[in-house]
1. Rounding to the nearest 10 and keeping the result within 0 to 90°, find how far the Cα-based axis of helix B:45-54 lies from the longest principal axis of chain B.
2. Inter-copy label distances at B:D40, 7 Å along the Cα→beta-carbon direction, one decimal in nm, shortest first?
3. For the protein assembly as shown, give the percent of accessible area contributed by carbon and sulfur heavy atoms, probe 1.4 Å, rounded to a whole number.
4. In nm, one decimal, shortest first: how far is the label point of A:V108 (7 Å from Cα along Cα to beta carbon) from the matching points in the other copies?
5. At q = 0.13 Å⁻¹, what log₁₀ I(q)/I(0) does the protein assembly as shown have when each alpha carbon counts as one equal point scatterer in the Debye sum?
6. State, to one decimal in nm and shortest first, how far the label point of B:A20 sits from each corresponding label point in the other identical copies (label point: 7 angstrom along Cα-to-Cβ).
7. I'd like to know which of B:V108, B:H98, B:S118 lies farthest towards the positive end of the charge dipole of region B:94-141, counting +1 on Cβ of Lys and Arg and -1 on Cβ of Asp and Glu.
8. Per residue and in Å³, how big is the convex hull formed by the alpha-carbon atoms of region A:1-93?
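The values are calculated or read from the model by the stated rules, or taken from the named source; none is laboratory data. Values in this document were obtained by computation on a predicted structure and should not be read as measured data. Quick reminder, even Gly has a Cβ in these numbers, built from the backbone with ideal geometry, and neighbours come from all protein chains shown. We work out accessible area using only protein heavy atoms, side chains counted, and drop any ligands, DNA or RNA first. Shrake-Rupley method; radii C 1.70, N 1.55, O 1.52, S 1.80 Å.
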There are 2 protein chains.
Amino acid sequence: MGNMTKIRPYSHIIDRLRDAGLRPTRQRLALAKILFEGGDRHLTAEMLHAEVLSANVRVSLATVYNTLHQFTSSGMLREIVVDASRSYFDTNTTEHHHFFMEGSGSLVDIPGGDIVVSKVPQVPEGREVKRVDVIVRVGDA
Amino acid sequence: MGNMTKIRPYSHIIDRLRDAGLRPTRQRLALAKILFEGGDRHLTAEMLHAEVLSANVRVSLATVYNTLHQFTSSGMLREIVVDASRSYFDTNTTEHHHFFMEGSGSLVDIPGGDIVVSKVPQVPEGREVKRVDVIVRVGDA
DNA sequence: GTGTTTGCAAAGTGTTTGCAATTTA
DNA sequence: TAAATTGCAAACACTTTGCAAACAC
């Protein structure tokens with residue numbers, strides 16, 4: 001049998017977009033394919049833009065930004081802030097944390113269970129914890 | 001006896017600047033006074049700039065940025081990233097973590113011992129952990 | 001006096017926006 | 001065809017930089 005990944009149809013991506021209320025346009029399909037069929041990834045808008053272009057799909061940077069935000073709003077991506085001057089988008093939306101390599105500016109996942117955050121103090125009255133981010137900053141090699 | 005805080009001389013601030021190899025200029029003194037005599041604070045460059053101006057000390061925004069970076073390099077401040085697009089500077093450089101109030105964009109300290117991060121996985125070979133940041137993101141009231 | 005620091009205004013970065021043209025359903 | 005989406009270029013917010021004038025020692 002051939003490589004299942006390669007002959008995988010677009011239908012599941014199309015369904016995912018439809019479920020999020022987004023029309024499966026050429027641009028969104030190309031971006032979703034890169035984001036969701038490459039395993040767990042951490043990309044900035046510029047990185048993703050360069051990657052679509054190199055796959056020979058013409059998409060503007062503005063559309064990349066719009067799309068990343070739409071995907072984030074519908075829960076398909078999570079935005080990660082490690083560096084005050086660019087946003088990373090993480091395709092893994094399950095509970096987990098990150099190593100941040102200060103030299104290369106790259107992120108590496110730390111599986112959810114591998115870090116335990118305990119004793120988080122009570123949140124100021126009536127408020128709700130949206131998320132706990134743990135970033136382990138690692139120096140150069 | 002009078003209020004010790006009020007009559008406290010500038011000499012200790014001057015010493016602190018000198019120890020960091022920084023000349024105690026009018027601008028740096030005014031900024032250091034706001035930063036280090038107001039307890040634990042979390043300020044952006046713009047916030048600090050507004051505050052010096054309202055204390056009637058003329059300092060340019062460029063100098064505020066320069067000074068914040070000089071203070072950070074010499075360990076008097078710590079930079080905190082919670083929001084891609086602006087940096088906060090924390091006058092508390094001891095081990096601790098933060099609540100981030102998404103509505104107001106404000107930070108609240110969580111004392112060092114109040115959160116326990118355990119089982120941080122081994123860092124990729126030969127690298128060193130510089131810092132572990134825990135940010136508890138809290139929704140609006 | 002000499003080297004440091006400051007302020008200004010210009011430049012830089014990553015990101016967002018307005019709107020006409022294009023595409024999807 | 002009606003509504004959604006795209007791309008462009010301009011606008012933005014925050015931050016950095018170059019350099020002459022002002023300042024500290």
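1. Approximately 20 degrees, to the nearest 10.
2. The answer, with the shortest distance listed first, is 3.1 nm.
3. Working: 7700 of 15650 Å².
Of the solvent-accessible surface of the protein assembly as shown, carbon and sulfur hold 49 percent.
4. Result, one decimal in nm: 3.5.
5. -1.02
6. Those label-point separations list as 4.3 nm.
7. The Cα lying farthest towards the positive end belongs to B:S118.
8. 102 Å³
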